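Novice: This is the structure I want to talk about, given as structure tokens.
The values are calculated or read from the model by the stated rules, or taken from the named source; none is laboratory data. Just so we're clear, the structure is a prediction, and the values are computed from it rather than from any experiment. Remember, those area values only see protein heavy atoms, side chains included, never the ligands or the DNA or RNA. Shrake-Rupley method; radii C 1.70, N 1.55, O 1.52, S 1.80 Å.
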Amino acid sequence: GKIDILISNHSGLSSVLGFHENYKYQFGGVGKIGTIQKRNVEIVTLDNDIKEITSDPIILKIDTQGFEMEVLKGASKLLSSGKIKIIVLELMIKLKYDSQTKMEELIPFLDSFEYEIYDIYKGYAEKSGQISEYDFIFCHSFAYLIIKNPNQSFLSIFKNGSSQVDSTSQFEFI
């Protein structure tokens, strides 16, 4: 199918969801956030796009500006298979987008597929200092994750700007 993505004047805030009317944050150099254009794009579910998974373990990273639950619903077959061992996702606790994913809906949803919170990292703070989003790490309940470097956090492995992670040198599952 197709869906409209709303391009923000701050690239990190573009989403398929519109900004909530009460979200008034201003970014340095950008001024008040807002939508500057709309693009109609093709949308596919992970279940339909990924027919066969050959590598193991699978790590799923989601940062969709409030659309996380819809992404996860579109991956229900993959989640049921248990092949996805880790889910890393950004979750907002401050209302920024209309109909954004809420923590109180997401955690039971993932729990139904036997995923548990492994860790939570401070994400982004508003100008006021209030935390507005966190990065959550969920592990499948049968996956036991060991970070090989005790001075390195799991999330820092993903913050190096690469979409590819050499999991064999960074961490292991037992």
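Novice: Compute, for ILE36, the solvent-accessible surface of its heavy atoms (probe 1.4 Å) with the complete set of protein chains present, and express it in square angstrom to the nearest 10.
Specialist: 110 Å²
Novice: Go through LYS51/LYS83; LYS2/LYS77; LYS77/LYS122; LYS2/LYS122; LYS61/LYS96 and tell me which ones have a Cα-Cα distance over 24 Å in this structure.
Specialist: Details: LYS51/LYS83 13 Å; LYS2/LYS77 21 Å; LYS77/LYS122 30 Å; LYS2/LYS122 33 Å; LYS61/LYS96 20 Å.
Table pairs above 24 Å Cα-Cα are LYS77/LYS122; LYS2/LYS122.
Novice: If I stretch the segment between SER128 and SER80 completely, what's the gain in nm (0.36 nm per residue apart, minus their alpha carbon distance), one decimal?
Specialist: Working: separation 48, 0.36 × 48 = 17.28 nm, distance 4.03 nm.
Full extension from SER128 to SER80 adds 13.3 nm.
Novice: For a quick size check, give me the Cα extents of the stretch 35-79 along its three principal axes, largest first, whole Å.
Specialist: Between the extreme Cα coordinates on each principal axis of the stretch 35-79 lie 40, 18, 16 Å.
Novice: First check a/c for the stretch 48-110, with a ≥ b ≥ c the square roots of the eigenvalues of its C-alpha gyration tensor; if it is under 1.5, answer rounded, and if not, answer prolate when a/b is larger than b/c or oblate otherwise.
Specialist: Details: a/c = 2.24, a/b = 2.14, b/c = 1.04.
Because a/c hits 1.5 or more and a/b exceeds b/c, the stretch 48-110 counts as prolate.
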